[in-house]
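These notes concern the structure reproduced below.
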Amino acid sequence: MNLFGSNSIVEQLIAERFRSSAQSLSQEEVAENIARIIEQKIPKEGALIVSLIGGAASGKSSLSASLLGQIRDKGIAADAICVDDYNKYDRAFRRHEYEGEHPARDEAILQKFDIKMLNGIVEAIRGNVDELMKVAVPEYDEKTGVAVDRGPVRSIGPVKVLLVCGDFNLVERSDLVVYLHMNDEDRLANRIRRDALQRAEPDTEKTKESFLLRQEIQHFSLTLPTTQKADYLVVVDASKKAWTFDLYSVEPQRK
């Protein structure tokens with residue numbers, strides 16, 4: 001398997017399924033474009049659930065923050081949660097159990113998430129129209145990797161838009177799916193920088209080994225297939241200091 005083969009797959013998919021909507025945008029510009037799309041789809045009651053999916057270290061958190069800002073600037077109540085918030089156990093246990101001598105593959109990897117809790121919370125937020133009601137949610141600890149086992153650490157009141165970000169689309173009823181693609185080499189470079197800064201991991205070879213293992217056991221089988229169901233595709237060019245973004249929408253006849 002070519003563990004750096006995502007680009008060719010996405011390029012073929014663009015030719016077969018998507019059409020260009022906007023090219024060479026800044027992050028704020030692509031977020032503004034997506035925010036306009038979201039604004040048009042907000043239901044009269046309840047929240048619009050938007051899944052933002054992409055490979056590890058593809059810039060999901062950064063784009064999510066920009067998108068959240070753009071939506072809120074329009075006066076629309078919005079919030080975001082991450083699939084990682086629903087990890088069970090701690091990072092050390094998960095790495096031993098799912099990435100150890102006999103790593104889990106494909107669907108078995110998803111056992112490390114509390115998917116039932118995730119969808120229960122998503123539906124509670126979707127249906128919450130009571131100004132006095134708030135939904136308690138867990139939050140991933142970047143240093144320890146503990147999430148669900150910490151218990152709820154914050155709460156979300158009534159919103160019109162909920163972003164759900166992650167490597168996998170585990171939401172059973174997404175109203176809109178956006179896939180964020182960055183080539184594998186740039187994602188690896190981002191992962192090395194992130195682990196050094198946020199997780200105090202100085203061993204770049206260890207980070208690279210972990211990245212390549214996840215490419216093999218989950219990226220091509222679980223993450224990348226989301227492109228087949230995505231309503232919009234964002235392709236990031238991270239080869240220069242100022243990243244640029246291309247936005248694609250699904251051809252109507254190819255949905």
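Among Phe18, Cys82, Pro252, which residue has its Cα positioned farthest towards the positive end of the charge dipole of the chain, with +1 placed on the Cβ of Lys and Arg, -1 on the Cβ of Asp and Glu, and the dipole taken about the Cα centre?
Sorting the options by dipole projection puts first Pro252.
About its Cα centre, how strong a charge dipole does the stretch 1-96 have in debye, to the nearest 20, once Lys and Arg get +1 and Asp and Glu get -1 at the Cβ?
260
How far apart, in nanometres, would the label points at Glu142 and Glu11 be if each is projected 7 angstrom from Cα along the Cα-to-Cβ direction?
Going from the Glu142 label point to the Glu11 one covers 3.3 nm.
What whole-number value in Å² describes the accessible area per residue of the chain for a 1.4 Å probe?
Heavy-atom SASA per residue in the chain reads 49 Å².
As I understand it, the dipole of the stretch 138-220 uses +1 on the Cβ of Lys and Arg and -1 on the Cβ of Asp and Glu, about the Cα centre. Which of Phe168, Pro202, Ile156 lies farthest toward its positive end?
Ile156
Provide Rg over Rh for the stretch 58-124; use the alpha carbon set for both Rg and the Kirkwood Rh (inverse mean inverse pair distance).
My calculation puts Rg/Rh at 1.11.
If you average 1/r over all unlike Cα pairs in the chain and invert the result, what Kirkwood radius do you get in angstrom?
Result for the chain stands at 18.8 Å.
By a straight-distance test (C-alpha under 12 Å), which aspartates and glutamates pair with Lys74 as possible cross-link partners, with residues fewer than eight away in the same chain excluded?
Glu32, Glu39
With a 1.4 Å probe and all protein chains kept in place, how much accessible area does Ser239 have, in Å² rounded to the nearest 10?
Accessible area of Ser239: about 80 Å².
Return the whole-Å distance between the Cα centroid of the stretch 1-72 and the Cα centroid of the stretch 87-151.
22
Which translational diffusion coefficient, to the nearest whole µm²/s, is obtained for the stretch 21-155 from the Stokes-Einstein equation, given a Kirkwood hydrodynamic radius over C-alpha pairs, 10 °C and 1.306 mPa s?
94
Counting only protein heavy atoms, what percent of the accessible surface of the stretch 1-129 is carbon or sulfur at a 1.4 Å probe?
Looking at the stretch 1-129 in its full context, I get 48 percent from C and S.
Can you give me the P(r) profile for the stretch 76-157? Cα pairs, bins 10 angstrom wide beginning at 0, each as a whole percent.
For the stretch 76-157, the binned pair fractions read 17, 44, 26, 11, 2 percent.
Give me the dipole magnitude in Debye, nearest 20, for the chain about the Cα centre, with unit charges on the beta carbon: positive for Lys and Arg, negative for Asp and Glu.
Its charge dipole is roughly 320 debye.
Using a probe of 1.4 angstrom, how much of the accessible area of the stretch 140-250 is carbon and sulfur, in percent?
Here carbon and sulfur together make up 48 percent of the probe-accessible area.
For the stretch 1-91, with equal point scatterers placed on the C-alpha atoms only and solvent neglected, what are the log10 I(q)/I(0) values from the Debye formula at q = 0.18, 0.22, 0.26 1/Å, to two decimals?
Log10 I(q)/I(0), no solvent term: -1.04, -1.26, -1.39.
Take the cross-link list Lys60/Lys240; Lys60/Lys229; Lys88/Lys134; Lys41/Lys143; Lys112/Lys241; Lys41/Lys240 and give me the ones stretching past 27 Å between alpha-carbons.
Lys41/Lys143; Lys112/Lys241; Lys41/Lys240
Identify the GluC sites (Glu not before Pro) of the stretch 141-244 meeting these criteria: DSSP loop state and at most 15 other C-beta atoms within 10 Å of the C-beta.
In loop regions of the stretch 141-244 (DSSP not H, G, I, E or B), the sparsely surrounded GluC sites (Glu not before Pro) are Glu142, Glu172.
For the chain, what does the helix formula give at 222 nm: sum of -39500 (n - 2.57) over DSSP H segments with n ≥ 4, over the residue count, nearest 500 deg cm²/dmol?
The per-residue figure over the chain is -11000 deg cm²/dmol.
At 4 °C and a viscosity of 1.567 mPa s, what translational diffusion coefficient does Stokes-Einstein give for the stretch 111-255, taking Rh as the Kirkwood radius over Cα pairs? Give it in µm²/s as a whole number.
Translational diffusion coefficient: 73 µm²/s.
The values are calculated or read from the model by the stated rules, or taken from the named source; none is laboratory data. Please read all numbers here as calculations on a predicted model, not as lab measurements. Positions of Cβ are generated from backbone atoms using ideal geometry, with glycine treated the same way; all protein chains shown enter the neighbour counts. Please note that ligands, DNA and RNA were not included when accessible areas were found on the heavy atoms of the full protein model with its side chains. Shrake-Rupley method; radii C 1.70, N 1.55, O 1.52, S 1.80 Å.
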